[in-house]
Each structure stands twice: as C-alpha cells, then as structure tokens.
1. Using the number of other C-beta atoms within 10 angstrom as an exposure proxy, rank 29, 45, 170 with the fewest first.
2. Report the antiparallel proportion of the DSSP beta bridges in the range 11-167 as a percent, rounded to a multiple of 5.
3. Amide H neighbours of residue 165 under 5 Å, at least 5 residues apart or on other chains, H built in the peptide plane: list them.
4. With n ≥ 4 as the cut-off for DSSP H runs, can you work out [θ] at 222 nm for the chain, using -39500 (n - 2.57) per run divided by the number of residues, rounded to the nearest 500?
5. How much space per residue, in cubic angstrom, does the convex hull of the C-alpha atoms of the range 42-175 take up?
6. For the residue pair residue 12 and residue 88, what label-to-label distance in nm results when each label sits 7 Å from Cα along the Cα-to-beta-carbon direction?
7. Which residues in the range 107-126 have a backbone N closer than 19 Å to a point placed 7 Å from the Cα of residue 29 along the Cα-to-Cβ line?
8. So, with +1 on the Cβ of K and R and -1 on the Cβ of D and E, and no other charges, what is the size of the charge dipole of the range 11-167 about its Cα centre, to the nearest 20 debye?
Amino acid sequence: MDSPARTPATPETLFARLAALGIAYTSHEHPPLFTVEDSKRLRGELPGGHCKNLFLRDKKRNLFLLVTLEDRPIDLKSLRTALGAAGNLSFGSPDLLMEVLGVIPGAVTPFALINDRERRVSVFLDKKMLTYDPLNYHPLSNAMTIAVKPEDLLRFIRAGGHEPRIIDLEAPAAA
C-alpha cells in the first residue's frame with residue numbers, strides 16, 4: 001500500500017527549522033532564477049559563495065545531490081566514480097525531483113533535504129565551496145536566496161539525518 005503524498009515544506013517551514021536549530025541567515029528576495037546565468041544577472045551584489053545544485057540519479061535509481069560552486073565545470077562521466085554511482089549518471093526528472101525533494105527545477109537546494117524524509121538522497125558537497133562564508137542558496141523557492149555559514153549548512157544537513165560527504169572536485173579522480 002502506497003503512503004499518501006506529503007506536502008513539501010515551504011520557505012516558512014524551512015525558516016522555522018533554521019530558527020529551531022539556532023541557524024542565523026540573511027534573506028534576499030529577487031525575481032525567480034532558473035539557471036546560474038539568471039542568478040549572475042539578477043541577484044545583485046550578494047557576498048559569499050554562489051552555488052549550483054545538481055539532482056542526479058544512476059542506473060540503479062540511486063539518488064545524489066551534488067552541491068558545488070556555480071562556475072565549477074562538471075563532467076558527469078568522471079563524476080560517477082567520485083559519487084560511487086552504479087553506471088552512468090543522469091539528471092533526475094522534474095517529477096522525481098518534486099517527489100523526493102519537493103522543489104521544482106531552478107529551486108534545487110541543500111535545504112530541500114528537509115523534504116527527503118526517507119533519506120533517499122546521498123549528499124555530496126564541494127570541498128572548495130565550504131571555504132566561502134557565507135554560502136548562498138535558494139530556500140525552497142527560486143525567488144529568494146538565503147546566506148548561511150558553511151558550518152550551519154553542515155549542521156542543517158546532519159540534523160535532518162543526512163551525512164554530507166565532502167569531495168574534492170579539483171582532485172584528479174574527480175576531474
């Protein structure tokens with residue numbers, strides 16, 4: 001018997017969770033951003049690291065969230081070894097993205113892990129990204145950006161039952 005679909009968390013739910021965890025953030029509203037190019041053009045002058053989030057799956061339907069700096073080139077073929085994927089990687093479909101992380105394309109964020117109650121997603125964070133303070137992500141909506149400290153991002157992810165794996169995307173095995 002299938003369980004009933006759950007309503008995804010809202011930005012307000014996320015903000016309450018951040019407050020409960022004692023995580024401070026700054027929030028910025030802007031027009032909806034769907035791509036890194038949109039973000040660069042419309043975000044204004046937000047300090048810190050700006051990131052992209054790739055929702056991926058392998059041939060065995062294992063799910064991955066790769067969070068990295070926005071300008072980092074990603075080769076999915078070589079990335080599969082770094083992630084421990086079973087075969088080729090591809091992007092998860094919009095339907096799967098909504099089912100598991102509760103967001104639409106363009107709003108993918110590590111904060112969407114709040115919706116992965118079954119912990120289906122393996123989380124990988126770019127080591128270099130974690131050297132930036134603050135880090136900027138959408139808070140479940142691509143019409144906002146919030147900035148958090150790297151250690152608070154890690155605390156949020158762990159508090160939801162995920163253990164982020166830090167990978168060096170500049171290492172030869174990942175390049």
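1. 45, 29, 170
2. That works out to approximately 60 percent antiparallel.
3. 123, 124, 125
4. Dividing the helical sum by the residues of the chain leaves -7000 deg cm²/dmol.
5. Per residue, the Cα convex hull of the range 42-175 comes to 98 Å³.
6. 4.4 nm
7. What the label zone holds, given the 19 Å backbone N cut-off, is 107.
8. Using Cβ point charges on Lys, Arg, Asp and Glu, the range 11-167 gives about 600 debye.
Bear in mind that the values in this text are calculations on the coordinates, not laboratory data. No experiment lies behind these values; they were computed from the predicted model shown. Positions of Cβ are backbone-derived with ideal geometry, glycine not excepted, and every protein chain shown enters the neighbour counts.
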